[in-house]
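The values are calculated or read from the model by the stated rules, or taken from the named source; none is laboratory data. Quick caveat, the model's predicted, so the values are computed rather than measured. Positions of Cβ are backbone-derived with ideal geometry, glycine not excepted, and every protein chain shown enters the neighbour counts. Protein only, heavy atoms only, side chains kept; ligands, DNA and RNA dropped before computing areas. Shrake-Rupley method; radii C 1.70, N 1.55, O 1.52, S 1.80 Å.
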Amino acid sequence: MELLNFNDLLRSHPYPGRGIMLGKSADGAKAVVVYFIMGRSENSRNRIFEATEDGIRTRAFDESKMVDPSLIIYHPVRKVGDTLVVTNGDQTDTIRDGLLEGKSYIEALRTRCYEPDGPNYTPRISGVVEKDGAFCLSILKSADGDPSCNHRYFYEYDAPLSGEGRFIHTYQENLDPLPSFEGEPRRVAISAPDAQALAKEIWENLNEDNKVSLYVSYIDLSSGQADTVIINKHQ
């Protein structure tokens, strides 16, 4: 699979959606975690990322404008022991609870499916990062927009290469309804030396009208210390 420029990919996908990128820094010393959200509606855009004790959560920027919190208020990132879980919905808690019960993330996600937001049936995308930097990505999606069948795909990277990541996002292209992401997670280059530099690059290349919030973390593989940046359009 071709090694792609992450920023070029972001610029070529300006439509609303959510994305996860996991990988390893160019020096091989840090795990890299990226999650961003975009939105079309006022309800979806009325959000910020907020740090919590074990990760981050979404919350309304203006509570008076919140219409339906069911699919937009959740914990995108939670740390469970030495494992970091990142997802685009409340399946973060499903994975966390499964891990605490001694199950695998795959077992946990087998209890879930795509989001009930027809006709888009937005995919649930999830990632799990281990202490040694190994990571997994998954997507749960409808059968080409047919909600009668749920497809589950799991991708595991047990020895990530330095300076590379894998990027998965919710929608393949800007059609109506929005079609689900297709194929393997995209192979992208990571050259930014730290979380601040990568966050700046990504934020500048996300569509100005649709971008909402961004989370970037560089996790030192020897110490476990995390350098984390959160950027919200509504500050």
In the range 22-181, taking the dipole from +1 charges on Lys and Arg beta carbons and -1 charges on Asp and Glu beta carbons about the Cα centre, the listed residue (51, 69, 126) farthest towards the positive end is 51
Taking a crude spin-label model, label points 7 Å out from Cα along the C-beta direction, the residue 107 to residue 66 distance in nm is 3.4 nm
Expressed in angstrom and rounded, the centroid-to-centroid distance over alpha carbons for the range 196-234 and the range 89-168 is 21 Å
For residue 71 the rounded accessible area (nearest 10 Å², probe 1.4 Å, non-protein molecules ignored) is 50 Å²
Normalised Cα Rg of the chain, dividing by 2.2 N^0.38 Å with N its residue count, works out at 0.93
Any lysines whose Cα falls less than 27 Å from that of residue 79, other than same-chain ones fewer than 8 residues away, would be 24, 30, 103, 131, 141, 200, 211, 233
Everything considered on the Cα gyration tensor (a ≥ b ≥ c; rounded for a/c under 1.5, else prolate if a/b is larger than b/c, else oblate), the range 112-235 must be described as oblate
Residue separation between residue 223 and residue 59 times 0.36 nm, minus their alpha-carbon distance, gives in nm 56.0 nm
Computed over the range 157-209, the convex hull of the Cα set has an average projected area, in nm², of 5.0 nm²
Regression test value, accessible area per residue of the chain, probe 1.4 Å, units Å², expected 45 Å²
By the Cα gyration tensor axes a ≥ b ≥ c (a/c under 1.5 gives rounded; else a/b larger than b/c gives prolate, otherwise oblate), the shape of the range 23-76 is prolate
Expressed in nanometres to one decimal, the distance between label points 7 Å along Cα→Cβ at residue 2 and residue 117 is 3.0 nm
Volume per residue (Å³) of the convex hull spanned by the alpha carbons of the range 196-235 is 64 Å³
Taking max minus min of the Cα coordinates of the range 32-135 on each principal axis, largest first, gives extents in Å of 40, 30, 22
Under a 1.4 Å probe, counting only protein heavy atoms, residue 112 has an accessible area in Å², nearest 10, of 50 Å²
In nm, the gap between the two label points placed 7 Å beyond Cα toward Cβ at residue 156 and residue 83 is 1.2 nm
On the accessible surface of the chain, probed at 1.4 Å with all protein chains in place, carbon and sulfur together account for a percent value of 47 percent
